[in-house]
4 protein chains.
Amino acid sequence: MSLPKTMKAAVLFGEGDMRLVDDYPVPQPGPGEAIIKVEACAICGSDPKILAHGWPNHPPYGEFIFGHEYAGSIAALGQGVSEFQIGDRVAVEPHKGCGLCANCRDGLYNTCLNYGNIEKGHRHYGFSFNGGYAEYACNHINSIYKIPDDMPLDKSTLITTAATSLYGIRRIGGIQAGETVVVSGPGAIGLMGVVMARLLGAGTIILTGTRAERLETGLKLGADLGINVREENVVERVMALTNGVGADAVLECAGTTQAAVDAVEYTKKNGRVALVGIYKESAPLNVNKIVQWNITVAGSKAEGERSLPQALSLLSRRTIDIAPLVTHKFSLDQIHAAFETVEQRLEGAIKVVVKP
Amino acid sequence: MSLPKTMKAAVLFGEGDMRLVDDYPVPQPGPGEAIIKVEACAICGSDPKILAHGWPNHPPYGEFIFGHEYAGSIAALGQGVSEFQIGDRVAVEPHKGCGLCANCRDGLYNTCLNYGNIEKGHRHYGFSFNGGYAEYACNHINSIYKIPDDMPLDKSTLITTAATSLYGIRRIGGIQAGETVVVSGPGAIGLMGVVMARLLGAGTIILTGTRAERLETGLKLGADLGINVREENVVERVMALTNGVGADAVLECAGTTQAAVDAVEYTKKNGRVALVGIYKESAPLNVNKIVQWNITVAGSKAEGERSLPQALSLLSRRTIDIAPLVTHKFSLDQIHAAFETVEQRLEGAIKVVVKP
Amino acid sequence: MSLPKTMKAAVLFGEGDMRLVDDYPVPQPGPGEAIIKVEACAICGSDPKILAHGWPNHPPYGEFIFGHEYAGSIAALGQGVSEFQIGDRVAVEPHKGCGLCANCRDGLYNTCLNYGNIEKGHRHYGFSFNGGYAEYACNHINSIYKIPDDMPLDKSTLITTAATSLYGIRRIGGIQAGETVVVSGPGAIGLMGVVMARLLGAGTIILTGTRAERLETGLKLGADLGINVREENVVERVMALTNGVGADAVLECAGTTQAAVDAVEYTKKNGRVALVGIYKESAPLNVNKIVQWNITVAGSKAEGERSLPQALSLLSRRTIDIAPLVTHKFSLDQIHAAFETVEQRLEGAIKVVVKP
Amino acid sequence: MSLPKTMKAAVLFGEGDMRLVDDYPVPQPGPGEAIIKVEACAICGSDPKILAHGWPNHPPYGEFIFGHEYAGSIAALGQGVSEFQIGDRVAVEPHKGCGLCANCRDGLYNTCLNYGNIEKGHRHYGFSFNGGYAEYACNHINSIYKIPDDMPLDKSTLITTAATSLYGIRRIGGIQAGETVVVSGPGAIGLMGVVMARLLGAGTIILTGTRAERLETGLKLGADLGINVREENVVERVMALTNGVGADAVLECAGTTQAAVDAVEYTKKNGRVALVGIYKESAPLNVNKIVQWNITVAGSKAEGERSLPQALSLLSRRTIDIAPLVTHKFSLDQIHAAFETVEQRLEGAIKVVVKP
């Protein structure tokens, strides 16, 4: 299979300046890399921020292709690659560590100490290296995973989101069977957190948020009850639901400081809080409660430590239908409309998929 | 050995009202309990607060004997006790769980869900149950540990402090050999944190604080260098010392919100922060850094999960001389002077021991 | 509710000598205990062995009531019990630790160092203390769990079996999502191991055994494929299925030395083997492979460390129908027939329930 | 600094056929690699076996340089190496993973699934790739560690041995402060196991073996008592020393099946056994005890998961003098005599160092 010389791509030329080009050079795979024919790339909550403000160490404007939740098929293989074959249906992991630093050698490639250093081999596809809003993308094999034949490519783009939720769970030592779990914030990561917690044996799952329809979606995906934090005092409600004991585990995905503060307040003695959201400012956490109640608060960076293939496995069993999460699809030509749908939350948009 | 009917004790009669009495009834041991002839009881940093304000669920004023860091010898045994013999030299653990709640059954007796509930069997000696500023104290055998013959009773009172530091270390998954550890705050718990970290194989130990002489003491106890946070920007200094990487682990023992905030700032990607201090207010932690750097912040409540016998073992080897930590000794009759010495930090007081 | 003075019970009078009596004194609850009106008691694989040979520290013959997988309702409460109310539907955990020894204080009550010591408070219901083949049983509240209203009592007796399987999984650090798990031996524990692994997010589950119909049952309960070890070389087959890599995790429930030996042989580098079976003799394990492949072999004793309420939670969601596991029910009067059904594996018996 | 074209090396030409050559081509560093001027290379217990029988995937006879415990200084740097400078004093780690397989990405490079596959980037220096019995060696930077200025190069060769012992400890979840640890087998790994356990806070350390002088050496290095297994029943003795409870943790370094069998027998309920030895045949372990006592048996492959820099840190503090372990030094010209000293255990040889 021979690759074309050029391709269509959505390229960032500056802050807020995304342009469709037809003649972007198709990348060539280096040793250990493969070229993916991108069939679908979902828009992540961080993408509008990258569009607006760039990202540390991003490729030069005028060359920068972003998008990191993509799936497709293998179109070409670099030197020495025996792990994949042309035509394999695959999805990708955004982070590929340098393999040299102390963290990478410990398996913690998502917090590589050479972040953004291309020469040392680090890649953050769609952030500090080109990604998936294009017809072709070039990935190192460490960031590529085969997907089952019967798993649609559109849904496969969701495994990055699922892996982010799952990594939050891992960061707090997993969920023990039967535990009461609060998922805070019913965005895509929170809703997928409900799915992951349910598939891992959680007991009661409580979903909190501000939008009734999102809480409804969460109930369909496995939550046992929703709390609208605009209508109820979420701390009092969770404590009441747990007989004054508090939640065993919390996935804080809302990304607001109030949500982080509340999470500590309704957590059990010895409970664990995973912070999965993106926060704009410091949060005044009740550190005395953290001490006196022996609480653990763990930040969760992206989708590290095998959480992506794990999430892929969980979703591939399809015991929970994640179809409600993919609400919109656009062609690559319509990428501006796709972003508008996400940014303005049009028509109840949850995950919006772009199809190059 | 027969017990006397009455004893000398320091009794709290109200907020700030501690009185020595000569005719306090000597306690009788119930099943599974033992009476300890108290030989030494160290003053904890929380004791002046108890003296001033009481404690949740404390025994009635007029009957309340506090003090929880004591050592002595077994004077009488309750029904069914075969684990100890009269005359055994022992030290005590303040917490004894109910044994019935979910946490206790998981071994987490320090966060017993029946805290302060005497009928359910919970005991927090010197807090919600009588303690050691008296000639005799009554403890459940789960809270009593034999000490080696060659370990002085004065020093044995320090194992509670040591266990508090050690539990902080445990709460962040232990210290791996060679890790760079920051101990924040050179009070008794911080200084003992230096000792514990050194005895567990830490690499570089950095002690931070505001008092030069305390930092000096820390160097004698095993720290590699001290940082005076009044003279240097502690975040910049730690980052510089670690080549921009940050500390692997932090024991925050200062108990100020600034110290907690700083701890997060100078912690490594994937690093862990144990909060061991007592905080008066919420701390505006950089939650975004906690997420992006995959940091774990763990509160550490007292001396749970076997940390007391572990600390006892470490200190009994005497490879580090902890003598500099016991700076003052007073008789029980002089307990008011002993408290004044602690509260006003007279003569460089670190640990002050009262000898009934 | 007043208890009758006497009750019907199946009492062991000697090796192999089980007799039904009508006038066994109904037990009285001590402090922290409750009397359960037993509605169903399942026969465990160890029960025929107890019938034949007794058990270390068993109650005196002539008084010994065995049976440890029972469910029913609370009929009376001992002093100080506020955790339950008369009429609560409950199931039980066989092990209740002394609460005093080092293991119990660490939460490891299933390996209590005072095993069989009634005075120290240890209980092993149906083994070293009376159990459930009777109209009433007396349990400490630490060994009693409420069951949901919609969970039939017959099925509730299976939570002990489920907890045994689940504890095996816990002993090997849990199952990570997507892992390839071999369950060796399709007895009740193995079949329930399939259920537990599936509900915790396992990837491919391979069930091995000698009986085709049992392997079929396993497929219905969540296994992906069965291997008949009489027809195939199980080591070669598992290695082939995993591309020469081996299984991530193994639950060895067959209890034969060959099965234990094979388990090590088909386990992956860094894989884990839980030994859950009862073995009659030593097994010649390939220790060199254990070293060179960095394999962990963990014995799993009964249902410790909260595995029982965890299993209860997983089963209460009823996403897998465990009805095929309860194959027979008998009244207490028919207990000899019930045992015969188990011992001779009549009519495809898996779990046989006795209903007092 | 320019490298010479040729060097002196001990080359394997066949089984048992080691020859000194003067004109071996000096290796050239590839990207990410460095050339080390070897100053000292210790003989490992596996080296005589390699000499006699080769090793799976070893370099062709006539080219194969073995030896994997070496230290020296950086003589040349490959492309892209910024982590080291010419002249840095360094020691090496034998294993370097492919960085591509599932195990490597989890940080488990010591059990790389591409073992021996040079094209995929795996290296096992001195085994499947050339090592250190030569004037120069070529190592990937992931396998090189700087050593402190005041740490002699001879002693630095011992960090591989130390790391092997330390990895055994890690494989059983570390040693908790105060635990009773049995080190079985006072060879170099066992003796270093004593050192590591002591430096990590072990309680009582019991060393077992057959040679009185080795047990004596162990006492100097930190063991509390020795048991000569030829003179005493080691199982009975350990059980007696622990009041019938058994050892918390065992490092089995003897590598005999009897030692492995015994280790299980004298281990505590919930205790852990690390198998660190090289075993020639299967060991009939008491699997029923493993189950009923909830024992974990973990194989420990080499020096993975950061154990090498950790061991380096522990030894660099020099609180235990490891000088007694380096008993002999030879020049590279005398390598045959060096091997004879090891193989025949001449003059109490423990570690023998070859100096190219």
- For residue A:217, state whether it is surrounded by fewer than 23 Cβ atoms within 10 Å (Cβ to Cβ), of a type in the set (Ser, Thr, Tyr), over 24 Å from the mean Cα position of the chain (by Cα) and more than 10 Å from every other protein chain (Cβ to nearest Cβ). no
- Message: Looking only at region B:85-106, filter to residues that are touching a helix residue (DSSP H, G or I) at 6+ places or on another chain (Cβ under 7 Å) and assigned to a loop (DSSP other than H, G, I, E, B); which one of those is nearest to the other protein chains (Cβ to nearest Cβ)?
- Response: B:100
- Note on residue B:46: of the conditions (1) polar (S, T, N, Q); (2) over 30 Å from residue C:114 (Cβ atoms); (3) touching a strand residue (DSSP E or B) at 6+ places or on another chain (Cβ under 8 Å), unmet is (3)
- Task: Mind listing just one residue for me: the one in region B:132-155 that is within 14 Å of another protein chain (Cβ to nearest Cβ) and part of a strand (DSSP E or B) and, of those, surrounded by the fewest Cβ atoms within 10 Å (Cβ to Cβ)?
- Result: B:146
- Task: Among the numbered conditions (1) within 14 Å of chain D (Cβ to nearest Cβ); (2) touching a His at 6+ places or on another chain (Cβ under 7 Å); (3) not small (Gly, Ala, Ser), tell me where residue B:170 comes up short.
- Result: (2)
- Message: Quick check on region D:241-296: of everything there that is surrounded by fewer than 24 Cβ atoms within 10 Å (Cβ to Cβ), of a type outside the set (Gly, Ala, Ser) and within 19 Å of the chain's Cα centre (by Cα), which residue is farthest from residue D:170 (Cα to Cα)?
- Response: D:280
- Query: Which of the strands (runs of 3 or more DSSP E) contained wholly in region D:266-356 include at least 3 residues that are of a type outside the set (A, V, I, L, M, F, W, C)?
  - Reply: D:267-275, D:326-331
- Based on what the data block shows, is residue D:114 within 13 Å of chain A (Cβ to nearest Cβ) and surrounded by 22 or more Cβ atoms within 10 Å (Cβ to Cβ)? no
- For region C:156-167, name all the residues that are under 20 Å from residue C:356 (Cβ atoms) and either within 14 Å of chain B (Cβ to nearest Cβ) or touching a Leu at 6+ places or on another chain (Cβ under 9 Å) (or both). C:156, C:158, C:159, C:160, C:161
- Test set (1) touching a Phe, Trp or Tyr at 6+ places or on another chain (Cβ under 6 Å); (2) within 11 Å of another protein chain (Cβ to nearest Cβ); (3) basic (Lys, Arg) - residue A:123 fails condition number: (2)
- Query: Residues in region C:276-288: is at least one farther than 30 Å from residue B:101 by Cα, among the basic types (Lys, Arg) and more than 14 Å from chain A (Cβ to nearest Cβ)?
  - Reply: yes
- Residues (among the hydroxyl-bearing types (Ser, Thr, Tyr) and at pLDDT below 95) located in region B:33-72: B:46
- Pick from A:81, A:21, A:26: which is crowded, with 16+ Cβ neighbours inside 10 Å, more than 14 Å from every other protein chain (Cβ to nearest Cβ), among the β-branched types (Val, Ile, Thr) and more than 18 Å from the chain's Cα centre (by Cα)? A:26
- Message: Out of D:245, D:235, D:273, I need the residue that is touching a helix residue (DSSP H, G or I) at 6+ places or on another chain (Cβ under 9 Å), of a type in the set (A, V, I, L, M) and within 14 Å of chain B (Cβ to nearest Cβ). Which one?
- Response: D:245
- Message: Going residue by residue through region B:5-13, is there one that turns out to be surrounded by 16 or more Cβ atoms within 10 Å (Cβ to Cβ) and either of a type in the set (Lys, Arg) or modelled with pLDDT under 95 (or both)?
- Response: yes
- Query: Do we find that residue C:109 is within 11 Å of chain B (Cβ to nearest Cβ) and touching a residue at least 24 places away in the same chain (Cβ under 8 Å) in this structure?
  - Reply: yes
- Task: Tell me which residues, restricted to region D:289-320, are charged (D, E, K, R) and either within 14 Å of chain B (Cβ to nearest Cβ) or closer than 30 Å to residue C:115 by Cα (or both).
- Result: D:289, D:303, D:305, D:306, D:317, D:318
- Task: Taking only region A:113-131 into account, find how many residues are of a type in the set (S, T, N, Q) and in a strand (DSSP E or B).
- Result: 0
- Query: Just to be sure, is residue D:74 assigned to a strand (DSSP E or B) and surrounded by 14 or more Cβ atoms within 10 Å (Cβ to Cβ)?
  - Reply: yes
- Note on the structure: Of A:75, A:52, A:91, the only residue that is in contact with a Lys or Arg (Cβ under 6 Å, 6 or more places away or on another chain) and over 24 Å from residue D:97 (Cβ atoms) is A:75
- Item | In region A:32-61, residue surrounded by the most Cβ atoms within 10 Å (Cβ to Cβ) [restricted to those that are over 20 Å from the mean Cα position of the chain (by Cα) and within 22 Å of residue A:3 (Cβ to Cβ)] | A:34
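The values are calculated or read from the model by the stated rules, or taken from the named source; none is laboratory data. Values in this document were obtained by computation on a predicted structure and should not be read as measured data. Backbone-built Cβ (ideal geometry, glycine too); neighbour counts: all protein chains shown.
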